1. Pull out the extension gain between residue 60 and residue 5, defined as 0.36 nm times the separation in residues minus the alpha carbon to alpha carbon distance; nm, one decimal.
2. What does a probe at residue 24 reach in region 41-69, counting residues whose amide N is under 13 Å from the point 7 Å along Cα→Cβ?
3. Using a 10 angstrom cutoff on alpha carbons, build the Gaussian network for the chain and name the most mobile of 55, 81, 91.
4. Just how many % of Cα pairs in the chain lie over 24 Å apart, if you round to the nearest whole percent?
5. What residues of region 1-24 lie in the reach of a label at residue 89, counting those whose backbone N is under 19 Å from a point 7 Å from the Cα along Cα→Cβ?
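Since every read-out is calculated from the coordinates, none of them should be taken as a lab result. On a predicted model such as this, the values are computed, not experimentally measured, just so you know. Virtual Cβ from ideal backbone geometry, glycine too; neighbours counted across all protein chains shown.
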Amino acid sequence: MQSSSELRTRRIKAGVVDTLLALALCLIPVLGVAYFLCKDALWWGPSVGKKWQGLVVQTTQGESIKSQYGISIRRNLLLALPLLDLLECYLIYTGRGLGDRWAGTKVVEREEVIK
């Protein structure tokens, strides 16, 4: 298991990849917005960025949010507002992000989920 600082760095890297993918998908606007809001509840598991970094989102009780689109939207909606994006980065480095707090989720390493 990595330190919390390394986990937070990986979360930021995953977020950058997911944001770039959402922007690319914005060529077809509905796809970009849908991916950005629902990326943590996709049927194949974690978002592309989180999968690349070996991370997954789960509830604070340790349950998967796969196919729970309402939770994913609540988590990611705040990131659509530019100033809250900066606050989110700060909060990720100090603990759980604002979206995680609002949606009752946390990001963990994928190995912690597989038992």
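1. Working: separation 55, 0.36 × 55 = 19.80 nm, distance 1.93 nm.
My answer for the length gained is 17.9 nm.
2. Label zone hits: 48-49.
3. Taking springs between Cα atoms under 10 Å, the residue moving most is 81.
4. Distances greater than 24 Å cover 15 percent of the Cα pairs.
5. Answer for this model: 5-24.
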